[in-house]
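See below for the structure under consideration.
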Amino acid sequence: MNISLLLDMAVDGFGDRVVVGGLQHGLNPSRLKELAAAGARVIRDSGADALVYLAVNGPAFPVAMFAAARAGVPLVPVNYRLGQEQLDSLLANHPRALAIADPEQVNTLAQAGLRVFEPGEWLDVLTASADGDAGGVVDAVDSDAPAVIIYTSGTTSAPKGVLLRHDNLLSYVLGSVEFAAAADDETALVSVPPYHIAAVANVITNLFAGRRTVVLERFTPEQWLDVVRAERITNALVVPTMLARIVESTADKSLPSLRGLAYGGAPMPLRVIETALQVWPDVGFVNAYGLTETSSTIAVLGPVDHRVAMESDDEAVRARMGSVGQIVPGVEVEIRNAADEMVPAGVTGRICVRGEQVSAEYAGIGRMVDDRGFFDTRDKGYLDPEGYLFVGGRVDDTIIRGAENIAPAEIEDVLLRHPDVLDAVVVGVPDPDWGQRIEAVVVLRPGTYLDVDVLRDFVRASLRSSKTPERIVYWNELPRNETGKLVRRQVVERLTGQRSAV
């Protein structure tokens with residue numbers, strides 16, 4: 001089996017329902033399968049061993065995904081914002097690939113020796129050659145074959161190609177989504193780029209559920225709100241920085257069609273989600289935590305959890321608003337200390353995971369699991385007594401000041417509680433006496449002024465002096481990638497005036 005099974009099931013179950021794009025000119029599963037079959041023939045005839053996708057999201061993306069699956073080659077969605085040097089390095093890994101690229105990227109890929117289609121051209125060619133025969137070579141594709149290769153964002157190191165096999169993605173979908181569960185009027189709005197695991201996951205999960213998918217190519221709060229109303233969006237996916245900008249916007253926020261709003265990809269400031277819950281009291285919020293290496297979601301904080309935590313007088317229950325919820329079926333989690341021993345509930349350690357959907361595999365490197373099949377996510381966290389997972393940042397982000405290990409997320413949480421603080425990051429910078437010293441970069445809300453010493457006192461009131469930033473600077477914005485993750489190495493480089501080696 002491979003992920004084409006999901007498309008085959010959609011054809012049999014609701015072949016005439018539009019599942020991609022607008023209701024008038026969108027694609028139903030039957031047409032999507034015909035185009036994918038035509039695409040598979042193009043890929044096979046070209047002799048390509050991969051399909052590179054270097055373009056914004058849109059109808060060409062799901063067609064490319066299933067065409068690659070039927071042809072038995074991996075889809076490689078690439079960050080279209082990469083610099084030339086990074087892009088050249090990545091493309092060198094796929095010299096025999098066929099490519100789909102936005103017009104401004106066509107020459108770059110052509111110079112790398114790849115045959116390139118623009119997204120519209122790709123769809124036109126497939127439309128012209130699709131002959132109603134949706135068959136193909138899919139039966140020859142092993143479920144253990146690579147389905148997608150996604151390059152990590154490289155926020156702390158050079159990007160690595162995460163290899164997701166068909167059985168990883170199938171395990172994720174079949175274990176978390178009910179087939180044909182979506183009502184006829186359900187429509188999802190996806191606002192993440194195609195090179196993010198959430199975009200891949202949304203293509204296959206929404207298709208399997210029978211939910212129409214609409215893509216927002218370029219995000220602004222106003223455009224997002226307008227599209228939700230115009231397309232009668234029932235379900236949407238955003239990253240925390242997007243939700244923060246939406247709730248801060250002065251635009252009309254009435255969204256009568258919206259039923260569910262999922263978020264993830266980065267930590268969510270507590271005040272942002274609390275504001276959103278108040279703005280849309282009838283919307284079910286979902287916090288989804290996962291990694292590229294785990295084929296997307298491994299823990300979920302559901303709508304009921306959000307409302308119960310918001311309304312509870314129990315401090316432990318209210319604290320769950322800051323968790324990522326409980327582990328999904330089919331995934332096992334262990335929290336381990338530095339000695340690789342499991343720790344009890346409430347104790348912070350490394351989050352390690354195991355399950356069929358967990359790939360933990362890197363192209364050219366192999367699977368990074370222990371002898372029991374567990375993958376070390378390099379995220380810190382703990383489980384509460386009821387099994388709610390709290391994530392506390394990356395192990396690699398830990399600041400070592402003297403002999404003390406300090407978690408930046410703990411200090412960032414305090415900074416973000418100040419009403420004048422819009423965004424914040426805490427990092428360790430080299431120090432000759434302490435090894436590292438704590439410095440913070442803060443973005444203030446527009447039109448506000450906050451004395452640095454006052455803000456340091458605010459932190460000190462909640463944390464001891466050794467965890468209070470020795471320096472706080474104000475910037476207009478923090479360096480984040482398109483999925484809202486902080487690029488911490490750029491913060492350190494700018495603070496120290498030096499570039500790192502990676």
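The values are calculated or read from the model by the stated rules, or taken from the named source; none is laboratory data. Computed from a predicted structure; not experimentally measured. Every residue, glycine among them, receives a Cβ derived from its backbone with ideal geometry; neighbour counts consider all protein chains shown.
The table that follows gives values for the structure above.
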item	result
Check on residue 344, assigned to a loop (DSSP other than H, G, I, E, B) and either over 20 Å from the mean Cα position of the chain (by Cα) or surrounded by fewer than 20 Cβ atoms within 10 Å (Cβ to Cβ) (or both)	yes
Tabulated pairs, the range 265-284, first more than 11 Å from residue 306 (Cβ to Cβ), second small (Gly, Ala, Ser), C-beta under 8 angstrom, 6+ apart or interchain	265/198; 265/484; 266/484; 267/393; 267/409; 269/244; 270/322; 272/244
Residue check, residue 44 surrounded by fewer than 22 Cβ atoms within 10 Å (Cβ to Cβ), charged (D, E, K, R) and assigned to a helix (DSSP H, G or I)	yes
So residue 443, is it surrounded by fewer than 19 Cβ atoms within 10 Å (Cβ to Cβ) and in a strand (DSSP E or B)	yes
Single residue of the range 453-502 satisfying the filter (assigned to a loop (DSSP other than H, G, I, E, B) and of a type in the set (A, V, I, L, M, F, W, C)) that is modelled with the lowest pLDDT	502
Residue count, the range 103-119 (criterion: under 26 Å from the mean Cα position of the chain (by Cα) and surrounded by fewer than 14 Cβ atoms within 10 Å (Cβ to Cβ))	2
Every residue from the range 6-38 that is outside any helix (DSSP H, G or I) and touching a residue at least 60 places away in the same chain (Cβ under 8 Å)	17, 18, 19, 20, 21, 22, 23, 26
Check on residue 460, without any contact (Cβ under 8 Å) to a residue 24 or more places away in the chain and either touching a strand residue (DSSP E or B) at 6+ places or on another chain (Cβ under 8 Å) or basic (Lys, Arg) (or both)	yes
Unmet criterion (only one of (1) within 14 Å of residue 192 (Cβ to Cβ); (2) modelled with pLDDT under 95; (3) of a type outside the set (Asp, Glu)) for residue 262	(2)
Scan of the range 112-130 for residues that are assigned to a helix (DSSP H, G or I) and modelled with pLDDT of 90 or more, ordered by number	119, 120, 121, 122, 123, 124, 125, 126, 127, 128
Residues being loosely packed, with under 14 Cβ neighbours inside 10 Å and either under 24 Å from residue 452 (Cα atoms) or modelled with pLDDT of 80 or more (or both) - total across the range 394-416	1
Criterion violated by residue 415 - all others in (1) under 30 Å from residue 192 (Cβ atoms); (2) in contact with a Ser or Thr (Cβ under 7 Å, 6 or more places away or on another chain) satisfied	(2)
Residues (assigned to a loop (DSSP other than H, G, I, E, B), more than 16 Å from residue 58 (Cβ to Cβ) and modelled with pLDDT of 85 or more) located in the range 80-111	92, 93, 94, 95, 96, 97
Options 372, 354, 318; residue that is at pLDDT below 95, on the phi < 0 side of the Ramachandran plot and not aromatic (Phe, Trp, Tyr)	318
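Yes or no, residue by residue, for (1) more than 15 Å from residue 284 (Cβ to Cβ); (2) over 15 Å from the mean Cα position of the chain (by Cα); (3) crowded, with 22+ Cβ neighbours inside 10 Å:
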site: 233; (1), (2), (3): no, yes, yes
site: 238; (1), (2), (3): no, no, yes
site: 249; (1), (2), (3): yes, yes, no
site: 258; (1), (2), (3): no, yes, no
site: 263; (1), (2), (3): no, no, yes
